[in-house]
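Below is one structure, written out as structure tokens; comments come after it.
The values are calculated or read from the model by the stated rules, or taken from the named source; none is laboratory data. The shown structure was predicted, so the numbers you read here are calculated from the model rather than taken from an experiment. Neighbour counts are summed over all protein chains in view; Cβ atoms, including those assigned to glycine, are modelled from backbone coordinates with ideal geometry. Surface areas here come from the heavy atoms of the whole protein model, side chains and all, with no ligands, DNA or RNA. Shrake-Rupley method; radii C 1.70, N 1.55, O 1.52, S 1.80 Å.
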Amino acid sequence: MAIVEPVASTSANEPRRLRLRSVVNNEPIGEIEVQAAAEVRAAVERARKVQPEWAALSVERRAGYLRKVLKILVERQEDVIETVIRETGKTRSEAIPMEVFASCDALSYYAKRAAKLLAPQKKSLHGVMRFMKKMTILKLPLGVVGVITPWNGPFILAVNPVAQALVAGNTVLLKPSEVTPFSAQLLAEFFEQAGLPEGVLQVLMGDGETGAALCEAGVDKITFTGSAATGRKVAEACGRRLIPCTLELGGKDPMVVCADADIESAAAGALAGAYMNTGQYCCGTERVYVVDSIADEFIEEVVRRASLLRQGDTGESDIGAIFWPRQMEIIETHMADAVSKGATVRVGGRRNPALEGLYFEPTVLTDVTHEMQIMVDETFGPILPIMRVRDEDEAIRLANDSHYGLGATIWTSDNQKAVRLAQKIESGSVCINDMTVTYGCLEAPFGGRKSSGVGQINGDHGILGYCHQLPVIVDRFKGKNSRSFYPFSAKKDEGVQKAVRFLFGSSLGKWLS
Ligand code: NAD
């Protein structure tokens, strides 16, 4: 992610501007103009104006735009890779799967399934109601949706919610992070190239001020991905306006390594989980609990593998840059706290002295405790703290000793035991013998518990989150029953009580109800 600094303005009437520099070499990479509340409101009005026409298209026509963008993305993947690397400093080998592949997959997934999922659904009613009424559930768009995104996956974290909201018939205002604005601009360019009608997708440039203005600008839903601290502010704003929001927030994902785990795979999985995206992955492995009987062997294998990793921005490298200085500060604070309280640095533990940019070496720590920030607060860096535990019960207890609950992983050769343990972990999702891959499994409802979020996204559930499900109930007797509604009488009351006794008190009635 870029280094952001304000540009000095020459007059008080000028809009605020931000200059961005590369975290790799400090070179300028562009400027953005911060959109103020009035511009945000104007954008919402434009979006509201064109929304009925967009919603009037068939779902297949709307899905057609996703297919066109998919085609453009396949052709222009180098543009995405270049843009993401320029504004984040992530390695090419991270940008390709996380930003390009996952975005293609999301566009293809929703384009293929939307028509079936959004079709009106006839549903028969229960009990005696089924003889009196019939029901159809319509999946109507909410209207105008605000999407606010963070910097760690600037292309995919925009593509996924935008595709779902658009195909459901909403118009969208996308507010990307001020430190990675260019990926969102590129996505809007792809939609423009695909011929998307004007105003259906608009990108709002700016920082927290623009995001806050969007929450207050009269949209019908906010989809927010970012930190827990900002998520709370977004929730408050949406609460005041009584609009729905989904909040995909931070995490402190635990990894539990059982005594029967395959040690080589678990060690490799720990590194992938902790260092993917230079540790700046919401579902990254942030802490490991390994059962004592295999701890020495596991730690040795982790240390051996971590020592072989290559860091840099040129050629083939495994670990990229920290995406912005604020994140480096958090990492260094957590590291200093851990070391001062007795943690042992087994690998790394410092900024990479051989590289000019914002690089922190892939790090392995042991002798850590829950008294240390590194085990309780989100670090979001390439740090792997490993704690030895007596047994699996202690591992689960410590895994749950957190205010976060986004993802978790369990490593064992016993799948049945894994499922039993998974149910005990307070987590949005659990992966067995893998790093957390839930976001990529689009069928999975994805979301956090505790301070990791509110609501779930992705899959059928996610796309329906951009709809109002409207039940339309039709009386089979064309309303004739309403003629006998009034007057009330003791005789009618007795009739209803008789029905209660029959329907909920007799065997035939229970079967019918
Ligand atoms: P952040 O909360 O600082 O910013 C996120 C977005 O919110 C940015 O676009 C920012 O400009 C905007 N914003 C800031 N103040 C706002 C306000 N008052 N109202 C509305 N919008 C406002 O988060 P970040 O540092 O960009 O992202 C990193 C965090 O995101 C980490 O905690 C990470 O775990 C989390 N994350 C979660 C998921 C998930 O799916 N759960 C995915 C990726 C990242």
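For the reader, a short list of remarks on this structure follows.
- Estimated Rh, the range 100-224: Kirkwood, alpha-carbon pairs, angstrom: 16.0
- Between amide H atoms placed 1.01 Å from N, distances below 5 Å from ARG346 occur with VAL364, LEU365, THR366, all of them 5 or more places distant or on a separate chain.
- Estimated vicinal HN-Hα couplings, Hz - the range 10-21 in sequence order (Karplus 6.51, -1.76, 1.60; Gly, Pro = x): 8, 9, 5, 7, 5, x, 5, 10, 10, 9, 10, 10
- Cut-off 18 Å (backbone N to label point 7 Å along Cα→Cβ of ARG67), residues of the range 167-203: 167-169, 191-197
- Unsatisfied cross-links (Cα-Cα over 27 Å) in the set LYS417/LYS450; LYS252/LYS424; LYS116/LYS424; LYS221/LYS450; LYS139/LYS498: LYS116/LYS424; LYS139/LYS498
- Dipole moment magnitude, nearest 20 debye, the range 236-368 about Cα centre, only Lys, Arg, Asp, Glu C-beta charged: 600
- The range 11-110 shape via C-alpha gyration tensor axes, a/c threshold 1.5: oblate
- Selection from LEU242, THR409, PHE446 lying farthest towards where the dipole of the chain points positive, charges on Cβ: LEU242
- Helix runs (DSSP H) in the chain reaching 27 Å along axis by Cα, Kyte-Doolittle at least -1.0: 37-56
- Spatial separation of Cα centroids for the range 120-182 and the range 259-289, in angstrom: 32
- Rolled with a 1.4 Å probe across the full set of protein chains, the surface gives TYR281 an accessible area near 20 Å².
- For VAL147, the residues whose modelled amide H falls within less than 5 Å of its own, excluding neighbours fewer than 5 places apart on the same chain, are LEU173, LEU174, LYS175, THR223.
- Two-decimal log10 I(q)/I(0) for the range 321-431, as the Debye equation yields it once each C-alpha is a single scatterer, q = 0.11 Å⁻¹: -0.42
- Prolate/oblate/rounded call for the range 398-458, Cα gyration tensor, a/c under 1.5 rounded: oblate
- In plain terms, the chain from LEU309 to ASP460 could stretch by 50.5 nm, reckoned as 0.36 nm per residue minus the Cα-Cα distance.
- Partner aspartates and glutamates whose Cα lies under 19 Å from the Cα of LYS123, excluding those fewer than 8 positions away in the same chain, are identified as ASP460, ASP475.
- Its relative contact order, with pairs defined as Cα atoms under 8 Å and 6+ residues apart, puts the chain at 17 percent.
- Most positive-pole-ward Cα, GLY218, PHE131, PRO154, against dipole of the range 123-246 from beta carbon charges: PHE131
- Total formal charge among the other residues, if their Cβ is under 14 angstrom from that of LYS478, Lys/Arg +1 and Asp/Glu -1: +4
- Derived scalar couplings ³J(HN,Hα) [the range 168-180; Karplus, 6.51 cos²θ - 1.76 cosθ + 1.60; whole Hz; x for Gly, Pro]: 7, x, 8, 9, 10, 10, 9, 10, x, 4, 5, 8, 9
- Anchor LYS341: aspartates and glutamates whose Cα lies under 16 Å away (excluding residues fewer than 8 positions away in-chain): GLU332, ASP367, GLU371, ASP377
- Accessible area (Å², 1.4 Å probe, nearest 10) - GLU45: 130
- Stretching the chain fully between ARG351 and SER58 yields a gain of 100.1 nm (0.36 nm per residue, less the alpha carbon separation).
- GLU329 versus GLU189: modelled label distance in nm, points set 7 Å from Cα along the beta carbon direction: 3.2
- Computed helical MRE - 222 nm, the chain, DSSP H runs ≥ 4 contributing -39500 (n - 2.57), nearest 500: -13000 deg cm²/dmol
- Rounded to 0.05, the FRET efficiency of the ARG449 and ALA37 pair, given R0 = 35 Å and the Cβ-Cβ distance, is 0.60.
- Relative contact order, percent, the range 304-413 [alpha-carbon distance under 8 Å, six or more residues apart]: 22
- Rounded to the nearest 10 Å², the accessible area of ASP377 at probe 1.4 Å: 50
- Accessible-area order (highest first, 1.4 angstrom probe) of the listed residues TRP411, TRP511: TRP511, TRP411
- Within the range 320-403, the trypsin sites (Lys or Arg not before Pro) that combine a DSSP coil assignment with at most 12 other C-beta atoms in a 10 angstrom radius are ARG350, ARG390.
- Test item: Cα-centred dipole of the chain, Lys/Arg +1 and Asp/Glu -1 on Cβ, debye: 3960
- Derived scalar couplings between HN and Hα for the range 353-362 equal x, 8, 10, 6, x, 8, 10, 10, 5, x Hz in order, rounded to whole Hz, by the Karplus curve 6.51 cos²θ - 1.76 cosθ + 1.60 (θ = phi - 60°), x for Gly and Pro.
- 5 angstrom amide H check on GLY405, placed H, neighbours 5+ away: LYS252, ARG449, SER451, SER452
- Unpaired by the 4.7 Å Cβ criterion, cysteines found in the chain: CYS104, CYS215, CYS258, CYS282, CYS283, CYS431, CYS441, CYS467
- Debye-formula intensities of the chain, expressed as log10 I(q)/I(0) at q = 0.07 Å⁻¹, are -0.45 (one equal scatterer per alpha-carbon, no solvent).
- Extent of the range 341-384 along its three principal axes (Cα atoms, max minus min coordinate, largest first): 33, 20, 14 Å.
- Averaging Cα coordinates gives a centre for the range 363-398 and one for the range 420-480; these two points are 29 Å apart.
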